[in-house]
Amino acid sequence: MKKKITVIGDVMIDWYLHGESSRISPEAPVPVVNFKESKFQLGGAANVANNLKHLEIEPFLIGAIGNDHFGSLLKEHLKAEKIKFNLSIEKSFQTICKQRLMSSNQQLARIDYEKYFHGSKLTNIFNTFIKNIAKTDLIIVSDYGKGTIFNARKLIQSAKKLKKKILIDPKGKDFTKYKGANLITPNKSEFENIMGKVDSKKDLVNKAKKMLEHLNLESLIVTLGSEGMYVLTKSNKKIVGDFINAYPQEVFDVSGAGDTTISALGAALSEGNDIFSAAEFANLAASISVSKLGTSTVSKDEVASLEASKGNKEQVIVFTNGCFDIIHSGHLDLLKEARSYGDKLIVGLNSDKSISKLKGPDRPIIGQSERKKILSALKFVDEVIIFNEENPLKLIKKLKPSILVKGADYTKEQVVGGEFVESYGGQIKLVKLVKGKSTSNIINKISS
């Protein structure tokens, strides 16, 4: 059963205008952009909920919107993502929208549509929160300082009464309002606004300890951008800390990276992981987020793929792929032999969508979640990653396996990704298949 997380905070919608620019306006020293497309994406607390959904968690979103066009759009996008929500419609409030003008993956300008409101009027938001949290596994507060989180202390007290963990992405110059939370996740700039300029790692460690103790927090994570994050927690009456290095990725856009971090932390903690394991997971998720353009979501399989690629430097990684729709002895023989070639076997699994494209609307017989579960249970399979494309080339390029395995019904020239793997010294192995063993044969026999 999926874990349930309540998200409360400032909901927004992000509006991206994409175009191309090749000249400067004769009217003013600004670029002229030839408009191409417009796109809306969930932002703020709504982006946190969307990230949770893509991390296979069931979110429930609480917040406020205006009785306006942007509010209607936001609700439409939440429904499209199948995210449950309760958004208070306030006549005096304007739904927050951030409009960004983009050209060649660069942000040229941003226009904010917002009208500050005093959240103390939103008693129905707090009442919704109280009614819902008994049914939730964990709570995330997404505070952008726009007014929804007007009384963080009441939220924390209510969560503690029911022994629910409460995680907060903080904002502002007064963090005392977050006193008693299980975890807060300021970025370096937000941390320095409270604790003063950080001069060194040692200085950061000392100031983080002071914040942890002063705010009576269970844990504190300071996100450090390209330098990763610092994790501090109380463990057996001792304070334990560690630095987690960022995984290097080409950075396109940092929009929403904080949303991804708090979402990934919440997802991992709700599933029983300790704070350091959860932070490692969140660190990888944030690394993927900044490599995408615009406010984006990250899936569990993307994190697994990046994590697997990290280990390639130390291990001989073997990769194979397929639909594995109805698993038979031929599959088992191929996978067992593939694993014998290296230290770790990663299986690329075609998603339901990609199988339907390849084999028709009646396939797959077995859904991707169940297929992944079966494969993951095999002792000679170390990791299973679902991919949506018709072939695994994109995944292979990300993993860079040492050895690529396919059945001997292929030639080396036909193996997808073979040329790429051989380009850096990797090998292609063709495994002899058991005659007459195929999913199609099994399906035909059942149908006849």
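A Cβ distance below 7 Å, combined with a sequence gap of six or more or placement on separate chains, defines the contacts here; from the range 182-203, residues that are more than 12 Å from Pro170 (Cα to Cα) and in the same structural domain as Lys234 (by TED's automatic domain parsing) reach no residue that is polar (S, T, N, Q) and surrounded by fewer than 20 Cβ atoms within 10 Å (Cβ to Cβ). Of the set (1) surrounded by 15 or more Cβ atoms within 10 Å (Cβ to Cβ); (2) under 22 Å from Leu55 (Cα atoms), all apply to Ala377 but (1).
Only one of the numbered conditions (1) over 21 Å from Gly426 (Cα atoms); (2) not in a strand (DSSP E or B); (3) not charged (D, E, K, R) is not met by Ile386, and that is (2). Selection over the range 1-17 of residues that are touching a residue at least 24 places away in the same chain (Cβ under 8 Å) and out of contact with any Phe, Trp or Tyr (no Cβ under 8 Å at 6 or more places or on another chain) gives a count of 3. The residue of the range 228-264 that is modelled with the lowest pLDDT, among those that are of a type in the set (Ser, Thr, Tyr) and farther than 24 Å from Lys292 by Cα, is Ser235. The set of residues in the range 25-60 that are part of a strand (DSSP E or B), within 18 Å of the chain's Cα centre (by Cα) and of a type in the set (A, V, I, L, M) contains only Leu42. Quick check: is even one residue across the range 220-227 modelled with pLDDT of 95 or more and either basic (Lys, Arg) or not assigned by TED's automatic domain parsing to the domain that holds Ser263 (or both)? Within the range 220-227, none of the residues are modelled with pLDDT of 95 or more and either basic (Lys, Arg) or not assigned by TED's automatic domain parsing to the domain that holds Ser263 (or both). Just one of the listed residues (Ile125, Ile140, Ile89) is on the phi < 0 side of the Ramachandran plot, among the aliphatic types (A, V, I, L, M) and modelled with pLDDT of 90 or more, and it is Ile140.
A single entry from Lys161, Lys210 fulfils the requirement of being surrounded by fewer than 17 Cβ atoms within 10 Å (Cβ to Cβ) and more than 30 Å from Leu87 (Cα to Cα): Lys210. Among the residues of the range 167-212, those that are in contact with a Phe, Trp or Tyr (Cβ under 8 Å, 6 or more places away or on another chain) and assigned to a strand (DSSP E or B) comprise Ile168, Ile184.
Checking Val316 against (1) aliphatic (A, V, I, L, M); (2) at pLDDT below 90; (3) under 26 Å from the mean Cα position of the chain (by Cα): exactly one of these is not met. Which one? All conditions pass for Val316, except number (3).
When Leu349, Leu332, Leu306 are screened for being outside any loop (DSSP other than H, G, I, E, B), surrounded by fewer than 21 Cβ atoms within 10 Å (Cβ to Cβ) and in contact with a helix residue (DSSP H, G or I) (Cβ under 9 Å, 6 or more places away or on another chain), only Leu306 passes. Taking strands (runs of 3 or more DSSP E) as the structural unit, those lying wholly within the range 61-147 and holding at least 1 residues that are touching a residue at least 12 places away in the same chain (Cβ under 8 Å) and over 18 Å from Ile8 (Cβ atoms) correspond to 94-103, 106-115.
The values are calculated or read from the model by the stated rules, or taken from the named source; none is laboratory data. Since the structure is predicted, the reported quantities are computational estimates derived from the model, not experimental observations. All Cβ positions, even for glycine, are placed from backbone atoms using ideal geometry, and neighbour counts span all protein chains on display.
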